Each structure stands twice: as structure tokens, then as C-alpha cells.
Ligand code: PEP
């Protein structure tokens, strides 16, 4: 069994100084679990270089919350994977906030996943359904459609270098907890789709996270699922106590 991965998405929060302090507190409290849990923090892009300096030992990894799919050029306001690679190991791509607020399509996300891999960054590809789609029994179809397009530029051997996060949109930032059976079923759908697209070895190699209002007291129910390899944590990752407690649950194997 591979180590669990716990990633914190700080979104557009914290000053550069506060990002640095939080990164240090997280690292100090979780280094002792480094042989059991892989910890990633994804600060706002403006704090990326400072946080990466703070975490230079590499025990806590750094992620970027978004990248552009072109490597360089006249794209005002964007940051490419080529630029980010000096500072990060991971990139969150296709987060529902980017899809909904910035109109990112599955085609855009596919290009971002490919751009990450070109630059040796591990993409954390987010997929998941809206509340409407869940209520209409469309979860499996939505996940399949998202993966079919978002993974289209890849080959089987890429699958061990990507992480897929199941993030039901209705659970993100809402405090609503997804039922753990539904999460296991969505993870199963992801595995089956990857298997259909790239074969069994590829589907065995891909890591699957759950994300959606996870807190220290709900983390265990998701971490105990056989097909969940870790968590993508938003709001609760801004509290070092909550986030460290989640990492500790992962280290305990719960
Ligand atoms: C997220 O932003 O990926 C996320 C899961 O947020 P939250 O934990 O706040 O729902």
C-alpha cells in the first residue's frame, strides 16, 4: 500500500508572510510522519516562491493551484508549468472553482494536465458532479465524460504520474459531507474509466483523492476506504491544527 497523500489548497487566502508561517507550522508538525504520509501545500501563486524557500528541505511538498497550458509567451496574468516547475512538485488542475468561475472546459484541463507532465509536475486533476447532476443520477456519466476528455492527451505510462481528485462540487466549501459509500463508488468509477482507457496496470498506478469539506473529524471515514489514497483539503487546510490532525489520521492508517 502506498503512502497517503494529504494536499491543502489554500485558495486565494493569506498574505505572503502568513503563508510562510503556516507552511512552517505544518512542516514542523508533520515531518515526523514523512515516511507514512506525503504532505502538499498549495499557496496562492504570489506566495509560491517564499513558501517553497521555507519548505526547501522537501519534506513537505509545494503545489500551485493552477497553471496555463502554454509554456511561454504573451498571456498576461498567466503562469506556465515551465515557470512553476522550479518551485512545485504538484499542480491542481480543473478545480471546480476554475471550471465554474473562469469557464475552464475539459479541453483546457486536458492541455493543462499535459503541460504539467511536460514539466515534471504531478497534476492533481479534479473531477466531480454538481448537486443537480447527483440528484439526477448522472455522477458516473459526468466523471466518465470529464476523464475521457481530460486524459485524452496522455498515454498509459503517464497514469502513475497523475493524481485524480474526486471533488463533488456540492460538497466543496459548503460543509456538506459526502457519504463514504458514494465516495468509494465514485473512486471505483474513476478506476474503471482509467482501466478502460489505459489498461489495468495504469489503473492500479493512479492515485485517487477525495475532497469536499473534509475536516479532522470526517477525514477518517474517507481515509479508511480501500480505493482512496488521500485527501484534497480546502478550508480546513488554513488551520494548522485541523490540517495537522488530518495528516495524523492518515499516518495512523485510519
Ligand atoms: C477544495 O477546494 O478542493 C476543497 C475540497 O475545499 P473544501 O475542503 O473547503 O471543501
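The values are calculated or read from the model by the stated rules, or taken from the named source; none is laboratory data. Note that the coordinates shown come from a computational prediction; the quantities given were computed from them, not determined experimentally. Reconstructed Cβ throughout: ideal geometry from the backbone, glycine too, with neighbour counts over all protein chains shown.
It is to be established whether one or more residues within the stretch 243-252 are touching a strand residue (DSSP E or B) at 6+ places or on another chain (Cβ under 9 Å), modelled with pLDDT of 95 or more, within 14 Å of the ligand (Cβ to nearest atom) and in a helix (DSSP H, G or I).
Within the stretch 243-252 (the criterion being touching a strand residue (DSSP E or B) at 6+ places or on another chain (Cβ under 9 Å), modelled with pLDDT of 95 or more, within 14 Å of the ligand (Cβ to nearest atom) and in a helix (DSSP H, G or I)), the answer is yes, since at least one residue qualifies.
Going through the stretch 163-186 one residue at a time, which ones are outside any helix (DSSP H, G or I), at pLDDT 95 or above and either within 12 Å of the ligand (Cβ to nearest atom) or farther than 17 Å from residue 231 by Cβ (or both)?
Quick first cut of the stretch 163-186, residues outside any helix (DSSP H, G or I) only: 163-168, 172-179.
Filter again for at pLDDT 95 or above, leaving 163-168, 172-176, 178-179.
Answer for the stretch 163-186, where residues must be outside any helix (DSSP H, G or I), at pLDDT 95 or above and either within 12 Å of the ligand (Cβ to nearest atom) or farther than 17 Å from residue 231 by Cβ (or both): 165, 166, 167, 168, 172, 173, 174, 175, 176, 178.
Write out, first by first residue and then by second, each pair whose Cβ atoms fall under 7 Å of each other, whose residues are 6+ apart or on separate chains, and whose first residue, in the stretch 130-155, is without any contact (Cβ under 8 Å) to a residue 24 or more places away in the chain while the second is surrounded by 15 or more Cβ atoms within 10 Å (Cβ to Cβ) and not in a helix (DSSP H, G or I).
138/129; 142/129
What pairs come up if the first residue lies in the stretch 169-195 and is closer than 19 Å to residue 236 by Cβ, the second is assigned to a helix (DSSP H, G or I) and away from the ligand (no atom under 12 Å from the Cβ), and their beta carbons are under 6 Å apart, counting only those six or more places apart or on different chains?
Correct list of pairs: 170/131; 180/221.
For residue 26, state whether it is in a helix (DSSP H, G or I), more than 27 Å from residue 253 (Cα to Cα), away from the ligand (no atom under 15 Å from the Cβ) and touching a helix residue (DSSP H, G or I) at 6+ places or on another chain (Cβ under 9 Å).
The answer is no for residue 26.
Of the residues 138, 104, only one is more than 13 Å from the chain's Cα centre (by Cα), within 16 Å of the ligand (Cβ to nearest atom) and farther than 22 Å from residue 231 by Cβ; which?
From the options 138, 104, the qualifying one is 104.
Contact list please: Cβ distance under 8 Å, first residue in the stretch 222-235 and without any contact (Cβ under 8 Å) to a residue 60 or more places away in the chain, second residue part of a loop (DSSP other than H, G, I, E, B), pairs at least six apart or on different chains.
Sorted first by the residue in the stretch 222-235, then by its partner, the pairs are 222/214; 222/228; 224/254.
Could you check the stretch 216-237 and list, in sequence order, the residues that are touching a strand residue (DSSP E or B) at 6+ places or on another chain (Cβ under 9 Å), more than 9 Å from the ligand (Cβ to nearest atom) and outside any loop (DSSP other than H, G, I, E, B)?
The answer is 219, 222, 223, 230.
May I ask you to verify whether residue 213 is surrounded by fewer than 22 Cβ atoms within 10 Å (Cβ to Cβ), outside any helix (DSSP H, G or I) and modelled with pLDDT of 95 or more?
Here the answer is yes, as residue 213 does meet what is asked.
Which members of the stretch 4-39 meet the condition of being in contact with a strand residue (DSSP E or B) (Cβ under 7 Å, 6 or more places away or on another chain) and without any contact (Cβ under 8 Å) to a residue 60 or more places away in the chain?
Let us first name the residues in the stretch 4-39 that are in contact with a strand residue (DSSP E or B) (Cβ under 7 Å, 6 or more places away or on another chain), namely 4-10, 23, 26-27, 30, 37-39.
Matches in the stretch 4-39: 23, 27.
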